[in-house]
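See structure below.
Throughout, read-outs are computed from the coordinates displayed, never taken from laboratory work. On a predicted model such as this, the values are computed, not experimentally measured, just so you know. Every residue, glycine among them, receives a Cβ derived from its backbone with ideal geometry; neighbour counts consider all protein chains shown.
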């Protein structure tokens, strides 16, 4: 009971900020996660020396993991089969090459390799959700929260721009409906922006683009497992931190995805779980914003932003080049 009393103030603050972010998103059309992040940063004073601190940190970690685990109910193994093996292979290559590019560029720019993994995974898989899931398994470090925050801001902004620009590019290139769907679903970072871009072209494009995007989301957990294996092999020599074990949220994601694949779950149940997952991620981002130090973000320079832009350009260019061969 005392534990609940300790956590409750911070959880309530993060929940309030999350609800405000959803309200603003519905009325102004911008991503809820971006609003949550900005509002959280504005209220970062609540994390400093107040009774909200413990609950905010709980929201930024445990509730975040719950939200990621529930993403499993949005995906089924049948989604992977529906796209065909060529498209599936292209998405795998696009994700892995984007992460490798992130590592190489991070090293070239004098940044930590783990920042390249974080940004490459966020760009390659599913934006802010991937950034939070990957961050959750990376070793602790003094810049971890700052890097996660910066990555979320960057991929959300780039994803929003892509939602507007990419359908125009598809039209200029004369891509057919299927190619446009794979391009949008295979390159735009966040699910909501994929939906917006796809349905702005046509309903069928929206459906196929969303399916393509969900296959990328399904690849989140294999990527996280690979990151854990790399950490266990101590490839990152810059850290003495012990590599973490397989987290419970990863196990939960796989179990829920498996259930959704073999059992015809009621639509109402999957909708509720999707809404809960989205809300959990929104309030977790709000909490991450509250934990942030804005002055640190202002000192990172242009290199991290350039890194995100180059990764975004890479995955878009790769998908476009490979489309004629599908």
Subject >> FRET efficiency estimate (nearest 0.05) - Cβ-Cβ, residue 262 to residue 202, R0 35 angstrom >> reply: 0.65
Original post:
Which angle between 0 and 90 degrees, to the nearest 10, do you get for helix 127-137 versus the longest principal axis of the chain when only C-alpha atoms count?
Top reply: 50 degrees
Subject >> Relative contact order (percent, whole number), the chain, Cα cutoff 8 Å, 6+ residue spacing >> reply: 33 percent
Original post:
For the pair residue 89 and residue 28, what calculated FRET efficiency results from E = 1/(1 + (r/R0)^6), where r is the Cβ-Cβ distance and R0 = 35 Å, to the nearest 0.05?
Top reply: 0.35
Subject >> Cα shape, segment 2-325, gyration tensor, a/c 1.5 rule >> reply: rounded
Original post:
Against the longest principal axis of the chain, how steep is helix 303-322, in degrees 0 to 90 to the nearest 10, with axes from Cα atoms?
Top reply: 30 degrees
Original post:
So what's the gap between the Cα centers of segment 126-164 and segment 18-38, to the nearest angstrom?
Top reply: 17 Å
Subject >> Angle in degrees between helix 248-262 and the longest Cα principal axis of the chain, rounded to the nearest 10 >> reply: 40 degrees
Subject >> Burial ordering of 100, 250, fewest other beta-carbon atoms within 10 Å first >> reply: 100, 250
Subject >> Within a Gaussian network of the chain (alpha carbon springs, distance under 10 Å), most fluctuating of 151, 119, 50 >> reply: 50
Subject >> Order of 249, 23 - criterion: other Cβ atoms within 10 Å of each residue's Cβ, fewest first >> reply: 23, 249
Original post:
Rounded to the nearest 500 deg cm²/dmol, what is the calculated helix-only ellipticity per residue at 222 nm for the chain, with -39500 (n - 2.57) per DSSP H run of length n ≥ 4?
Top reply: -24500 deg cm²/dmol
Original post:
Fewest to most neighbouring Cβ within 10 Å: what's the order for 58, 302, 115?
Top reply: 302, 58, 115
Subject >> Cα→Cβ-extended label distance, 7 Å offset, between residue 100 and residue 1, nm >> reply: 5.8 nm
